[in-house]
Structures are given as structure tokens and as C-alpha cells.
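**Q** Following this message is one structure expressed as C-alpha cells.
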Amino acid sequence: MFQVGFPSARKVIPALIVVDMQNGFVSKGGSYDKLGMNTSNYREIIPRLKDLIEFCRSKDIPIFYTEAVKEASGIDVLTNIHNFLPKTRQERLKFPICIRGTWDGLTIDELKPKDTDHVVIKRRDSAFQDTELRVWLQSEGINLLVFAGIDTSICVETSLRDGFNIGYDVALISDATASGFTDHYKTTLERVGDYYGLVMSTDRFKRAINNLDKIRKGEIDVKHVPEETLSAFLEEFNLLDPRTFVLSQLKV
């Protein structure tokens, strides 16, 4: 388990959340592809996402996959409970896709989970809605959720917001997530960076984790990190200064 402690601060214990990289949404021959939908944006991120997953495994960062599924009977489609649904919802197709237990509903082979990974089966946009995810994260002591996968502006963003609102720090890997609509993707990145957490590329994430790993191994003494280094990081990601939190607590 990857965890790093800091003086007068909570440990940083990250996990990677890979959202809905399933055959039905991404693969040639999957439901979206058969329906003529443009899935090229989803496939473009596969190499970077694979690299991100392998990096996290090398650092003992736990990986949680989500798989959005429906029942073949259609009992869990949104039209059963909603009177008002936008036409862009998959329920417009009149039949369920990514059916539980089918190839369509499984994570693509290029990113196939290993036995040491965790697969969260979800029925709605959020990875936290009626799933085991929160219990599993708590059991591992995880407090930083790193999100990647699809669709950036729908299931990824919904899961990230829910994670933030129940108390997790959150990060979004910008080049390992994709939307069907570029404008939606850009809006989510701006929204997350402005109001929720970190937005960074795969390479920037690796650099951050490698530096944390050096602190964990004692190769960097965090007590002697220059003030300007921390200030530059806070400025890069437009973050509040945690040093002011400590000072305010001391004044109480």
C-alpha cells in the first residue's frame, strides 16, 4: 500500500479509479460501435490509461475498476423510474446495453483487471451509488481518489463529485479520460480544477507520485523542502495553502 505521512498533516494514501472502460462503450463490435456511435475518443486514451494502470501497480497503488451494467430484463433502465429524460440517455435505444455477465459489460482486454484489483459493479452514473466502493476504500484507509476513464463529463465527473462531497481528496488525469463531446470534456476539466481538486496529465501524476515515493523512502526530507517548492505546487494547481490550516488550528 502506497502511503506517505507529513508532519502535522494527514497521510496521503491514493487509489486509482478506472471508470467504465467496457467493451460495450469502447470496443469495435461493442454496442456503441454497432449503433454507429463515435467511440474514437474513448479508444484514443487506451495506451495512456494502460501506462497509468501499470505505473500505479508498480507503486502498490490500489486500482478499482467500475463497470456500468444493466439487466437483460431491463428492470434497471431509467425509463422505469423517470418521466423526464434527455434524448441523449442510452435509454433512447429501447434496449439495455452492457448487460451484466456479457462481453459487452466487461472491461476491455487491454486494461483487464488483475486478481489483485477490485471491480465495482454499478447501475447508475456514480461509482458510489448503491455500491461497495466506499466500504472498500475505507477498509484500505484511502483518502486520495485518482480518476480516469469514461465518460469524463458523465460517470467520471459524477463519481469524482460524490467522492469529494463525502470527504475524499480527488484528482483527474486529463489525458487518461475522454468524452464523446470535446466541449463537455473541457468543461469538466475546468470545473474540477476550479472547485474540487487536482487536474494533471499522466506524466505530471507520475512525477508527483515519484516525489512522494522519495519522501516515503527517506530520500527526501520533507522538513527541508524549500518553501518555494511547495508554493510553486500550490500555485500550479490553484490550491489553498495547508500551512495556513495548521496555523489557524494553533490559534484556536
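The values are calculated or read from the model by the stated rules, or taken from the named source; none is laboratory data. Every value quoted in this text rests on a predicted model; they were computed, and no experiment measured them. Neighbour counts are summed over all protein chains in view; Cβ atoms, including those assigned to glycine, are modelled from backbone coordinates with ideal geometry. Calculation scope for accessible area: heavy atoms of the full protein, side chains included, ligands and nucleic acids excluded. Shrake-Rupley method; radii C 1.70, N 1.55, O 1.52, S 1.80 Å.
**Q** Could you count how many residues in segment 124-155 are open to solvent by 40 Å² or more (accessible area, probe 1.4 Å) and over 21 Å from residue 175 (Cα atoms)? Full working, then the answer.
**A** Restricting attention to segment 124-155, the residues satisfying the condition of being open to solvent by 40 Å² or more (accessible area, probe 1.4 Å) are 124, 129-130, 132, 134-136, 138-140, 143, 154.
When the remaining residues are screened for being over 21 Å from residue 175 (Cα atoms), the result is 124, 129-130, 132, 134-136, 138-140, 143.
Number satisfying all stated conditions: 11.
**Q** If residue 2 satisfies every condition in (1) open to solvent by less than 30 Å² (accessible area, probe 1.4 Å); (2) closer than 22 Å to residue 110 by Cβ but one, which is the exception?
**A** (2)
**Q** Right, another one. Name every residue in segment 191-228 that is within 28 Å of residue 167 (Cβ to Cβ) and of a type in the set (Gly, Ala, Ser), in order of residue number.
**A** Of everything in segment 191-228, those that are within 28 Å of residue 167 (Cβ to Cβ) and of a type in the set (Gly, Ala, Ser) turn out to be 193, 197, 201, 208.
Here's the yes/no breakdown for (1) of a type in the set (Gly, Ala, Ser); (2) under 29 Å from residue 69 (Cα atoms); (3) touching a helix residue (DSSP H, G or I) at 6+ places or on another chain (Cβ under 6 Å):
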{"site": "12", "(1), (2), (3)": "no, no, no"}
{"site": "24", "(1), (2), (3)": "yes, yes, yes"}
{"site": "34", "(1), (2), (3)": "no, yes, no"}
{"site": "39", "(1), (2), (3)": "no, yes, yes"}
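**Q** For residue 175, work out the one condition from (1) part of a strand (DSSP E or B); (2) under 17 Å from residue 67 (Cα atoms); (3) of a type in the set (D, E, K, R) it doesn't fulfil.
**A** The number of the failed condition is (2).
**Q** Oh, and also: Every residue in segment 114-123 that is open to solvent by less than 30 Å² (accessible area, probe 1.4 Å) and either part of a loop (DSSP other than H, G, I, E, B) or in contact (Cβ under 8 Å) with a residue 60 or more places away in the chain (or both), please. Walk me through how you get there before you give the answer.
**A** Going residue by residue through segment 114-123, those that are open to solvent by less than 30 Å² (accessible area, probe 1.4 Å) are 117, 120, 122.
Residue satisfying the conditions is 117 alone.
**Q** Here is a follow-up. Out of the residues in segment 181-217 that are touching a helix residue (DSSP H, G or I) at 6+ places or on another chain (Cβ under 8 Å) and among the charged types (D, E, K, R), state the one that is least open to solvent (accessible area, probe 1.4 Å).
**A** That would be 206.
**Q** Any chance segment 83-94 includes a residue that's at pLDDT 95 or above and either surrounded by fewer than 15 Cβ atoms within 10 Å (Cβ to Cβ) or part of a helix (DSSP H, G or I) (or both)?
**A** no
**Q** To continue, here is another question. Is it the case that some residue within segment 231-238 is free of Cβ contacts under 8 Å to residues at least 40 places away in the same chain, open to solvent by less than 40 Å² (accessible area, probe 1.4 Å) and within 23 Å of residue 134 (Cβ to Cβ)? Break it down into steps so the answer makes sense when it comes.
**A** Within segment 231-238, the subset free of Cβ contacts under 8 Å to residues at least 40 places away in the same chain is 231-236.
After this cut, where a residue has to be open to solvent by less than 40 Å² (accessible area, probe 1.4 Å) as well, the list is 234.
Going one step further and asking which of them are within 23 Å of residue 134 (Cβ to Cβ), we end up with none.
Taking every residue of segment 231-238 in turn, none turns out to be free of Cβ contacts under 8 Å to residues at least 40 places away in the same chain, open to solvent by less than 40 Å² (accessible area, probe 1.4 Å) and within 23 Å of residue 134 (Cβ to Cβ).
**Q** Here is a further query. I'd like to verify a number: residues in segment 162-180 that are open to solvent by 10 Å² or more (accessible area, probe 1.4 Å) and closer than 24 Å to residue 24 by Cβ, how many?
**A** Of the residues in segment 162-180, 3 are open to solvent by 10 Å² or more (accessible area, probe 1.4 Å) and closer than 24 Å to residue 24 by Cβ.
**Q** Keeping to segment 6-57, report how many residues are in contact (Cβ under 8 Å) with a residue 12 or more places away in the chain, open to solvent by 10 Å² or more (accessible area, probe 1.4 Å) and out of contact with any Gly (no Cβ under 9 Å at 6 or more places or on another chain). Spell out how you get there, then give the answer.
**A** Initially, segment 6-57 is screened for residues in contact (Cβ under 8 Å) with a residue 12 or more places away in the chain, giving 6-27, 30-32, 35, 37-39, 41-46, 48-53, 55-57.
Remaining after also requiring open to solvent by 10 Å² or more (accessible area, probe 1.4 Å): 6-13, 25, 27, 31-32, 35, 37-38, 41-44, 46, 48, 50-51, 55, 57.
From what's left, out of contact with any Gly (no Cβ under 9 Å at 6 or more places or on another chain): 6-10, 25, 27, 35, 43-44, 46, 48, 50-51, 55, 57.
The qualifying residues number 16.
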